[in-house]
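Please read the structure below before turning to the comments.
The values are calculated or read from the model by the stated rules, or taken from the named source; none is laboratory data. Quantities reported herein were computed from a predicted structural model and do not represent experimental measurements. Here Cβ is always computed from backbone atoms with ideal geometry, including for glycine, and neighbour counts include all displayed protein chains. Ligands, DNA and RNA are stripped out before the accessible areas are found, and what is left, the full protein with its side chains, is counted by its heavy atoms. Shrake-Rupley method; radii C 1.70, N 1.55, O 1.52, S 1.80 Å.
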There are 4 protein chains.
Amino acid sequence: MTDIDDVFNTQTEHEPGWLSPEDLELVRANVPIVYVDAVPVRVDSLGNVTQVGLLLRVAADGTISRMVVTGRVLFGERVREALMRHCEKDLGPIAMPRVPANPTPFTVVEYFPDPQRSGFYDPRHHAVSLAYVVPVEGDCEPTQEALDLTWFTPEEAVSPDVRSQMTSGHDRLIRLALAHVGKLP
Amino acid sequence: MTDIDDVFNTQTEHEPGWLSPEDLELVRANVPIVYVDAVPVRVDSLGNVTQVGLLLRVAADGTISRMVVTGRVLFGERVREALMRHCEKDLGPIAMPRVPANPTPFTVVEYFPDPQRSGFYDPRHHAVSLAYVVPVEGDCEPTQEALDLTWFTPEEAVSPDVRSQMTSGHDRLIRLALAHVGKLP
Amino acid sequence: MTDIDDVFNTQTEHEPGWLSPEDLELVRANVPIVYVDAVPVRVDSLGNVTQVGLLLRVAADGTISRMVVTGRVLFGERVREALMRHCEKDLGPIAMPRVPANPTPFTVVEYFPDPQRSGFYDPRHHAVSLAYVVPVEGDCEPTQEALDLTWFTPEEAVSPDVRSQMTSGHDRLIRLALAHVGKLP
Amino acid sequence: MTDIDDVFNTQTEHEPGWLSPEDLELVRANVPIVYVDAVPVRVDSLGNVTQVGLLLRVAADGTISRMVVTGRVLFGERVREALMRHCEKDLGPIAMPRVPANPTPFTVVEYFPDPQRSGFYDPRHHAVSLAYVVPVEGDCEPTQEALDLTWFTPEEAVSPDVRSQMTSGHDRLIRLALAHVGKLP
């Protein structure tokens with residue numbers, strides 16, 4: 001079961017933000033869902049990105065893939081809070097993510113059920129995701145659905161081998177993130 | 001009737017993206033809605049912003065206010081398409097809006113039913129809005145619900161008089177937009 | 001004696017990057033100088049800016065003013081290195097500045113000897129300055145030429161009282177920085 | 001003779017901003033030079049980048065290369081003015097470049113005489129360049145030193161063939177520009 005299903009379904013439907021399976025279907029079929037994507041990175045003392053963290057988990061398309069931290073913004077939740085919540089959920093409680101002071105994402109990722117629409121794919125719904133680069137300073141231990149977290153240098157992260165382990169456009173998202181921080185090889 | 005009601009309600013509910021009043025209530029009560037805000041500007045030949053365009057219309061809170069172009073992103077719609085659609089709807093068919101090549105908004109505006117949550121207020125729902133500065137080169141004529149469109153210099157746009165005509169945080173949005181283009185007085 | 005004079009003059013002229021008074025005059029009269037400006041901030045655990053740090057020191061125009069960290073990029077020096085060097089010089093060795101991963105400044109400040117040219121003023125030269133918001137996590141103690149460092153909330157930092165203590169456009173730079181992080185009151 | 005030599009040398013040395021060969025050497029050996037880089041693009045009606053324009057000319061390293069519009073910011077000149085001046089000089093008088101309203105570059109390119117320092121190389125000096133994506137709407141005809149201007153799709157622009165025709169890191173600059181506009185293949 002992937003993150004979004006978990007968020008949508010395994011909670012009581014009486015709390016705002018949590019939906020019954022029927023209501024979930026209704027929402028997904030009618031409006032774009034607000035998401036956040038976080039690309040975890042290690043930085044040196046000057047702020048240079050030295051490594052990118054990729055989770056190994058069941059992706060939205062059902063494959064086991066390398067991917068970034070991703071998840072829904074709940075009703076009533078600030079974007080920063082969602083970003084922090086998903087980072088803590090996927091990276092563990094002592095990862096110490098440094099959510100940027102600037103609320104502007106480095107790019108806006110539009111996931112569609114049609115893989116051709118934007119190159120970013122999600123079979124479940126149309127999601128508009130605000131994507132951030134998030135330096136993490138503490139120890140990361142993948143939690144919940146993630147099977148593993150591996151750190152890659154920028155060169156490794158864009159290598160054909162690692163790219164072949166990513167689906168749904170996440171390999172392109174990594175390149176956009178590395179370009180944003182000036183480290184695209 | 002304001003824009004969002006129009007978009008949600010006055011269309012057939014059978015098309016994807018259009019919702020019955022009941023379904024609309026369900027969505028609004030449970031998930032944040034994806035929005036775009038566009039701040040129309042006039043620029044000189046060097047790209048300097050010389051004027052900001054403000055619509056006069058019925059705002060989400062029911063007041064007649066000066067405000068920017070704003071509206072929902074529909075299911076299946078690209079953010080750029082929504083931006084262009086709302087600009088054409090509010091500014092008329094020959095406004096010639098120049099949607100920026102960069103998909104990153106200059107800020108992310110979080111509208112909440114609770115006015116204290118972020119300072120940006122919408123009594124109807126929680127909306128996450130991607131905000132863009134959009135140079136327009138053609139003639140603008142307000143259409144549909146807008147009563148008027150007036151151009152202000154940056155100094156005028158942040159004056160107490162004009163600010164007092166804006167609600168829901170739109171005066172702050174104008175200042176953020178002017179700061180983004182380096183023209184905050 | 002202000003920072004730039006110090007940097008230019010009080011070192012040996014034989015090292016690259018350090019100039020004799022005559023050569024300094026020649027450079028200043030003929031090319032724009034590359035600068036960095038750093039706005040030190042305190043952030044909460046979610047990355048929200050809660051305070052802005054302002055130095056009290058002799059400004060370029062000779063007045064004692066509140067201002068941000070500012071200084072020249074030396075020949076052969078990376079922009080990040082200059083940013084870190086000036087932060088450490090002005091904020092002390094244990095300030096722990098977090099230079100952003102993204103090399104893009106939040107704005108480009110153009111200082112001219114003519115106060116009317118851009119609103120940013122430096123009587124000594126034309127400088128093109130890359131401006132960054134830099135979260136600091138450690139203890140700051142003003143060093144060298146700075147007389148004091150005071151932390152202000154965003155509301156205080158844009159108040160008429162504090163603004164009246166800034167010259168050369170630094171009050172406007174603070175507003176641009178706060179807008180960039182979504183905290184302009 | 002490349003652009004920078006032209007700008008520095010072939011004018012009278014009595015005007016501010018123009019330097020004698022000796023003074024030029026002094027400046028180049030002691031301070032970083034302020035530059036602008038402009039990546040000319042074609043956009044569709046929604047602002048999507050469809051093509052990238054590359055000049056064929058003698059690069060700083062003496063090779064005949066594909067490259068972007070590039071040049072110095074003069075003493076007393078605004079960054080926007082320099083950007084427009086270089087676009088007009090390289091693309092011709094009816095290119096109709098649309099310099100962005102936002103003064104923030106999409107990246108800062110640091111050119112060093114040492115090719116290893118940043119990956120961006122200029123044997124003549126250390127330059128700090130503000131890089132912009134500039135949509136052009138009119139007809140382009142390469143002027144002055146440029147031998148040719150060719151438009152490439154994003155896919156072509158990052159192909160091994162075109163990349164092999166670029167030196168000094170300009171191929172990487174193109175990828176950073178395409179990432180910024182969300183069009184990196």
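Remarks
- Between identical copies, the spacing of C:D114 label points, each set 7 Å from Cα toward the C-beta atom, reads 3.9, 5.3, 5.4 nm from nearest to farthest.
- Contact order relative to length of the stretch A:100-185, as percent, for alpha carbon pairs under 8 angstrom and 6 or more apart: 25
- Formal net charge of residues neighbouring C:G182 (Cβ-Cβ distance under 10 Å; K, R +1; D, E -1): +2
- For chain A, a Gaussian network of Cα nodes joined below 10 Å ranks A:G119, A:G71, A:G47 by mean-square fluctuation, and the top entry is A:G47.
- Radius of gyration over Kirkwood radius for the stretch D:67-119, both on Cα atoms: the Rg/Rh ratio is 1.01.
- Rounded accessible area of C:I94 (nearest 10 Å², 1.4 Å probe): 90
- A label point on B:E155, set 7 Å along the Cα-to-Cβ line, lies at 2.9, 5.3, 5.6 nm from each of its counterparts in the other copies, closest listed first.
- Two-decimal Rg/Rh across the stretch C:99-185, once Rg and the Kirkwood Rh are taken from alpha-carbon atoms: 0.96
- Distance from the alpha carbon centroid of the stretch B:13-91 to that of the stretch C:64-127 works out to 38 angstrom.
- The residues of the protein assembly as shown expose, per residue, 35 Å² of accessible area to a 1.4 Å probe.
- Electrostatic tally near C:F106: other residues with Cβ closer than 14 Å to its Cβ, Lys and Arg +1, Asp and Glu -1, net +2.
- Computed over chain C, Kirkwood Rh from alpha-carbon pairs, angstrom: 16.6
- Teacher prompt: D:D61 distances to equivalent labels in other copies, 7 Å Cα→Cβ, nm: 3.7, 4.6, 5.9
- With all protein chains modelled, accessible area of B:D161 [1.4 Å, Å²]: 100
- Rg/Rh, computed from the Cα trace of the stretch C:28-74 with Rh as the Kirkwood radius, has the value 1.12.
- Across every direction, the projection of the convex hull enclosing the Cα atoms of the protein assembly as shown has a mean area of 29.9 nm².
- Carbon + sulfur, % of accessible area of chain D - ligands and nucleic acids excluded, 1.4 Å: 52
- Viscosity 1.306 mPa s, 10 °C: Kirkwood-radius Stokes-Einstein D of the stretch A:24-127 over Cα pairs, µm²/s: 105
- Charged neighbours of C:E141, selected by a Cβ distance under 13 Å, balance to -3 (K, R count +1; D, E count -1).
- Interface burial for D against B (accessible surface, 1.4 Å probe, total of both chains, Å², rounded to 100): 1500
- B:R78 - accessible surface, heavy atoms, 1.4 Å probe, Å² rounded to 10: 60
- Nearest residue to the symmetry axis between C and B, taken on chain C by its Cβ, in whole Å: C:A179, 2
- Taking the stretch B:39-89 and dividing mean pair separation by its residue count, relative contact order in percent (alpha carbons under 8 Å, at least six apart): 23
- Once C-alpha pairs closer than 8 Å and six or more residues apart are averaged by separation and normalised to the residue number of chain B, the relative contact order reads 26 percent.
- Ordered by solvent-accessible area of protein heavy atoms (1.4 Å probe), largest first, the residues A:K183, B:K89 come out as A:K183, B:K89.
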